[in-house]
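Trainee: Would you mind keeping the following structure in view while I ask a few things?
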Amino acid sequence: MTFHILVVEDEPRIAQLVCKYLELESYTHTWVNNGLDAVTYAKAKQPDLCLLDIMLPDMDGIEVCKQLREFSRLPIIMMTAKVEEIDRLLGFKVGADDYVCKPFSPKELMARVNALLVRTYQTKVMTKKLVFQDLVMDVERFSVHLRQQEIKLTVNEFTILKAMLEQPSKVFSRKELLYAVKQKELDMYERTIDTHIKNLRKKLSTEEQDRDVIHSVYGIGYTLKPAI
């Protein structure tokens, strides 16, 4: 599944940077610049996670968090220039799940987003282990090991590989793999799967393996291929 992130930030430069990194992680996102719109959008669209700035023009992030918690348990990561411990504690008290202080590293923020999404949603989508020769996916722990070496994957890479491991003899079209990620029919952007597959192949390659685990089937798509 692809996660949808609500970004609540009144500074366009920061919001654009955060959105850029969310796109690099293959997350969809919506940006609003005030608290009222954030509450309205969250109630109507039910995003999967909220990145919430504290210093907002109409109502501050603390109040936004309070109102969100009246109807939703969506994960909330607060972003703020405030560094006092009392401010962080107040954020947690009203229901925030995590906290980053500006200026922050976008890569660290994405790591926190990834970790919080896994903690929040793993019980809904992860229930078993999948094995293909020396490749082992622990769905419950969101981990993949190849020859006992852990391989770090993004959420979308993990989802694509999981779909293939569940049907190891199947040849998947790009549209089928895109559907596994997006969970809806899409006619556009099928070639984005090629990028995910390229990254997966690179991460799953080892010096001991002469061939890729994921095999291209000309004119169709991809399948898992046993190593000889």
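The values are calculated or read from the model by the stated rules, or taken from the named source; none is laboratory data. In this text, all values refer to a predicted model and were calculated from it rather than measured experimentally. All Cβ positions, even for glycine, are placed from backbone atoms using ideal geometry, and neighbour counts span all protein chains on display. SASA here: full protein model, heavy atoms, side chains in, ligands and nucleic acids out. Shrake-Rupley method; radii C 1.70, N 1.55, O 1.52, S 1.80 Å.
Trainee: Per residue of the chain, what 222 nm ellipticity follows from adding -39500 (n - 2.57) for every DSSP H run with n ≥ 4, rounded to the nearest 500?
Mentor: -13000 deg cm²/dmol
Trainee: Also: Expressed in nm to one decimal, what extension gain is obtained for the pair L36 and K225 from 0.36 nm per residue of sequence separation less their Cα-Cα distance?
Mentor: That works out to 62.9 nm of additional length.
Trainee: Okay, moving on. State which entries of K129/K175; K20/K107; K129/K162; K43/K66 exceed 20 angstrom in Cα-Cα distance in the structure shown.
Mentor: In this structure, K129/K175 lie more than 20 Å apart at Cα.
Trainee: Excluding D58 itself, calculate the net charge of residues whose Cβ lies under 11 Å from the Cβ of D58, where each Lys or Arg counts +1 and each Asp or Glu counts -1.
Mentor: Once all neighbours under 11 Å are counted, the net charge is -4.
Trainee: Take the Cβ-Cβ distance between K170 and R119 as r, set R0 to 22 Å, and report the resulting FRET efficiency rounded to the nearest 0.05.
Mentor: The computed FRET efficiency comes out at 0.10.
Trainee: Using a 1.4 Å probe, what is the accessible area per residue for the chain, in Å²?
Mentor: 55
Trainee: Using a 10 angstrom cutoff on alpha carbons, build the Gaussian network for the chain and name the most mobile of N199, N34, N156.
Mentor: N199
Trainee: So, one more: At a 1.4 Å probe, what is the % contribution of carbon and sulfur to the accessible area of the chain?
Mentor: 51
Trainee: Label points 7 Å out from Cα along the Cβ direction at E140 and N199: separation in nm?
Mentor: 2.8
Trainee: Further question on the same structure: Amide H of S143 versus every other amide H placed in the peptide plane: which residues, excluding those fewer than 5 positions away on the same chain, fall under 5 Å?
Mentor: D138
Trainee: What are the ³J(HN,Hα) values, in whole Hz, obtained from phi via the Karplus relation 6.51 cos²θ - 1.76 cosθ + 1.60 with θ = phi - 60°, for each residue of the stretch 36-46 in sequence order, with x given for Gly and Pro?
Mentor: 4, 5, 4, 5, 4, 5, 4, 5, 7, 10, 6
Trainee: Another question about this same structure. To the nearest 20 Debye, how big is the dipole of the chain about its Cα centre, given +1 on the beta carbon of each Lys and Arg and -1 on that of each Asp and Glu?
Mentor: Once rounded to the nearest 20, the dipole reads 700 debye.
Trainee: Which net charge results for the neighbourhood of L6, defined as the other residues with beta-carbon distances under 13 angstrom from its beta-carbon, given Lys and Arg at +1 and Asp and Glu at -1?
Mentor: With Lys, Arg at +1 and Asp, Glu at -1, the neighbours total -2.
Trainee: Shifting gears a bit: Among D10, D58, what's the order by accessible area (1.4 angstrom probe), most exposed first?
Mentor: Output order, biggest surface exposure first: D58, D10.
Trainee: Okay, next question. Looking at the stretch 1-101, which chymotrypsin sites (Phe, Trp or Tyr not before Pro) are in a loop (DSSP not H, G, I, E or B) and have at most 13 other Cβ atoms within 10 Å?
Mentor: F71
Trainee: Which residue fluctuates the most in the chain, going by a Gaussian network model with Cα springs under 10 Å, if the choices are E176, E25, E108?
Mentor: Result: E108 has the largest fluctuation of those listed.
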